[in-house]
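Down below is the structure, laid out as structure tokens.
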Amino acid sequence: MATTQKTIAIIGAGPAGLTAAEVLADANCDVHIFDAMPSPARKFLWAGKSGLNLTHAEPIEKFKSRFGLAREQLETALDTFTPTDIQRWADALNAETFVGSSGRVFPKKMKASPLLREWLRRLEAKGVTLHLRHKWVSFDGKELKFETPDGKKLVQADAIILALGGASYKRLGSDAAWVPIFDQLGIKIAPFKPANCGFEVNWSTHFVERFAGAPIKSVAIVTDEGRKKGEFIISNYGVEGSLVYANAARYRDQLYAKCEASLTVDLLPGKSEQQIATALDRQNKKQSFSNRLRKALRLTGAKAALLREAHPNAAQMDSRELARNIKNLEIQLERTRPIDEAISVAGGVKWSELDTHFMVERHPGLFVSGEMIDWEAPTGGYLLTACFATGRAAARGAINYLGLTNKA
């Protein structure tokens, strides 16, 4: 006896939604993707403008540890679509990858657009239908209501997967407009907070005018976990960049809990305090402070200016005190930048609302994926990997719910 093909509605045409669509199409479902924007995967394209960091090539156990408190809930999804699987997937889309010196994985073409074009072609070939300019406004059982340029549209589906993103970069589609709908449905949501974000600092006008946009390279961030080398950027509002983002959750939570936090920087991680003090002592005290820093330590430009900004009296310090401050330079953080500027967010649908298949327990047949869920991770390929993995996991959950054969 022939079975009726199941119809699946996916709302959100980002990485999680497109990944879910592919898995469901392979299970012979009638798959429809709806998105409010005029074109799909806008944040994905934005992320790939300067190099699409798809995933990270570090050992899988270390990789999974990057997800902190959400590791346990994400582990099965991550195990079934690993960084190695992502590389194979990209290769199949003519987006051959390479591993950079930091372990980050990129397509050789370094952009998202070629990969996305191939991906959309493959989905179309599998029978997936994409509906753009369809804004989801309500949900009643298995019936969805959309606002479209042609007026209201009602859609019924056997299962629904939501991949609507978080609350950052509204202009790209992640506007959290789904939160009021979930509130009406009684689905609990952890408040959104910025992740991988910049922080505001009360820089002096002179410092901003001269050094806004300057990279602070070959330094280390000092935390209770040790010293992590890298770089960050002085911005007109404060600090941003990879080293800041890697520790953003720590500083954000300190600001939220205590209304204070400081970024501690080692300006010369290759030298010990004693070595710095000794090198300074060898210099002629009659030289200018700038010359002493330059000749003894090769400390010039934005780094030297940052030292003066944090310690206006640095020139009067003895060598040992100056060495201590060079190794542990404290920058007082005032607040996070607005959530809409954050690369990603913490918060979202609480894990207690979901079963192990990413289905909302109080609404059978409704699944969620991607940044809608309460997890966070640093930059470095972890964000995209979890979006891919949870999209696939939600699709497999829908296949299981509908009693279909899972080919993924």
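Taking segment 202-275 as the region of interest, the strands (runs of 3 or more DSSP E) fully inside it that hold 2 or more residues being under 18 Å from P378 (Cβ atoms) and among the basic types (K, R) are 226-234. Please enumerate the residues belonging to segment 24-38 that are surrounded by 24 or more Cβ atoms within 10 Å (Cβ to Cβ) and touching a helix residue (DSSP H, G or I) at 6+ places or on another chain (Cβ under 6 Å). L24, V31, I33 - these are the residues of segment 24-38 that are surrounded by 24 or more Cβ atoms within 10 Å (Cβ to Cβ) and touching a helix residue (DSSP H, G or I) at 6+ places or on another chain (Cβ under 6 Å). Selection over segment 307-322 of residues that are under 40 Å from the mean Cα position of the chain (by Cα) and in a loop (DSSP other than H, G, I, E, B) gives a count of 3. Cβ-Cβ distances below 7 Å connect the following pairs, each with a first residue in segment 92-107 that is assigned by TED's automatic domain parsing to the domain that holds T19, a second residue that is assigned to a strand (DSSP E or B) and surrounded by fewer than 13 Cβ atoms within 10 Å (Cβ to Cβ), and a separation of six or more residues or different chains: F106/F98.
Determine whether A41 is surrounded by 17 or more Cβ atoms within 10 Å (Cβ to Cβ) and at negative phi. It is false that A41 is surrounded by 17 or more Cβ atoms within 10 Å (Cβ to Cβ) and at negative phi.
For W119, the test of being out of contact with any strand residue (DSSP E or B) (no Cβ under 9 Å at 6 or more places or on another chain), aromatic (F, W, Y), assigned by TED's automatic domain parsing to the domain that holds A163 and in contact (Cβ under 8 Å) with a residue 24 or more places away in the chain is passed.
Determine, yes or no, whether G365 is at positive phi, touching a Phe, Trp or Tyr at 6+ places or on another chain (Cβ under 8 Å), of a type in the set (G, A, S) and surrounded by 24 or more Cβ atoms within 10 Å (Cβ to Cβ). Spelling it out, it is not the case that G365 is at positive phi, touching a Phe, Trp or Tyr at 6+ places or on another chain (Cβ under 8 Å), of a type in the set (G, A, S) and surrounded by 24 or more Cβ atoms within 10 Å (Cβ to Cβ). Looking across E321, E353, E361, one residue alone is closer than 20 Å to L162 by Cα and free of Cβ contacts under 8 Å to residues at least 24 places away in the same chain. It is E361.
Per the listing E353, E376, the residue uniquely of a type in the set (D, E, K, R), buried (at least 19 other Cβ atoms within 10 Å of the Cβ), outside the structural domain of A249 (by TED's automatic domain parsing) and closer than 29 Å to E200 by Cβ is E376. Within segment 1-27, the set of residues being modelled with pLDDT of 95 or more and part of a loop (DSSP other than H, G, I, E, B) comprises K6, G12, A13, G14, A27. Within the option set T7, T80, being surrounded by fewer than 22 Cβ atoms within 10 Å (Cβ to Cβ), out of contact with any Leu (no Cβ under 8 Å at 6 or more places or on another chain) and within 23 Å of E124 (Cα to Cα) holds for one residue only, T7.
Kindly provide the set of residues from segment 112-145 that are among the hydrophobic types (A, V, I, L, M, F, W, C) and under 28 Å from the mean Cα position of the chain (by Cα), ordered by number. Across segment 112-145, the qualifying residues are A112, L115, L116, W119, L120, L123, V128, L130, L132, W136, V137. State which residue is nearest to A27 (Cα to Cα) when the search covers only segment 125-134 and only residues that are surrounded by 15 or more Cβ atoms within 10 Å (Cβ to Cβ) and touching a strand residue (DSSP E or B) at 6+ places or on another chain (Cβ under 7 Å). Here the answer is V128. The one condition from (1) over 20 Å from W203 (Cβ atoms); (2) hydroxyl-bearing (S, T, Y); (3) assigned to a helix (DSSP H, G or I) that S290 does not meet is (1).
A single member of E260, E330 is farther than 26 Å from G213 by Cβ, acidic (D, E), surrounded by fewer than 19 Cβ atoms within 10 Å (Cβ to Cβ) and touching a residue at least 60 places away in the same chain (Cβ under 8 Å), and it is E260.
The values are calculated or read from the model by the stated rules, or taken from the named source; none is laboratory data. The model shown is predicted, which means the values in this text are computed figures rather than measured ones. All Cβ positions, even for glycine, are placed from backbone atoms using ideal geometry, and neighbour counts span all protein chains on display.
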